[in-house]
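Here's the structure, in structure tokens; my notes come after.
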Amino acid sequence: MAARRLNNYLRTYRKSSGLSQGEVAFLIRLKDKCDLSRYERSVRQPSLRTALACQEVYGKPVAELFAGLNDAVAKDSRNQMKRLRARLHANTDPQSTGNRIMQKFQWISQRLFAAPNFRLVQQI
């Protein structure tokens, strides 16, 4: 079983950089270091602008900085795609290949097969 990743690694990268919370807050244009502290402790989620600023400052992709959150969002998105695929499958007429629903069904299926850790059947 893969180890569960932290919701975010902001504190880890800040500590390894040697920068203080106040200095990073200045770099990413936060009002004060309290906001950064809340992000580091996962009390709040940063805006997209702030997350992208963190990416620029630390030189790490947003998906890596917020690894646990990224994992949770990816899992939720895959589950939603599976649910939509099931709904579309129920409404698809197998005789109609030009059907817009069939196009959606195929797109979702391709996305799910391309997803890491994809399972064709759900484990119990």
Karplus couplings for region 58-70 from phi (6.51 cos²θ - 1.76 cosθ + 1.60, θ = phi - 60°), rounded to Hz, Gly and Pro as x?
8, x, 10, x, 3, 4, 7, 5, 10, 4, x, 5, 4
Which value, in Å², gives the accessible area per residue of the chain when a 1.4 Å probe is used on the protein heavy atoms?
75
Set Lys and Arg Cβ to +1 and Asp and Glu Cβ to -1, take the dipole of region 1-102 about its Cα centre, and tell me which of Leu65, Ile101, Gly22 lies farthest positive.
Ile101
Round to the nearest 10 and report in Å² the accessible area of Asp32, as given by a 1.4 Å probe over the protein chains' heavy atoms.
70
Amide H to amide H under 5 Å from Leu6: which residues, 5+ apart in sequence or cross-chain, H placed 1.01 Å off N in plane?
Gly68
Net dipole in debye of the chain [+1 Lys, Arg Cβ; -1 Asp, Glu Cβ; about Cα centre; nearest 20]:
260
Largest first, how would Cys34, Cys54 line up by accessible area (1.4 Å probe)?
Cys34, Cys54
How large is the accessible surface of Phe105 in square angstrom, using a 1.4 angstrom probe and rounding to the nearest 10?
50
Using the Karplus equation 6.51 cos²θ - 1.76 cosθ + 1.60 (θ = phi - 60°), what ³J(HN,Hα) coupling, rounded to whole Hz, does each residue of region 13-22 give in order, writing x for Gly and Pro?
6, 5, 4, 5, 7, x, 7, 7, 4, x
I'm spelling it out carefully: the read-out is Cα Rg over 2.2 N^0.38 Å, the candidates are (1) 1.12; (2) 1.45; (3) 2.16, and one was derived from this structure. Which label?
(2)
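The values are calculated or read from the model by the stated rules, or taken from the named source; none is laboratory data. Not measured: the values here are computed from a predicted model. Note that each Cβ is placed from the backbone with ideal geometry, even for glycine, and that neighbours are counted across all protein chains shown. We work out accessible area using only protein heavy atoms, side chains counted, and drop any ligands, DNA or RNA first. Shrake-Rupley method; radii C 1.70, N 1.55, O 1.52, S 1.80 Å.
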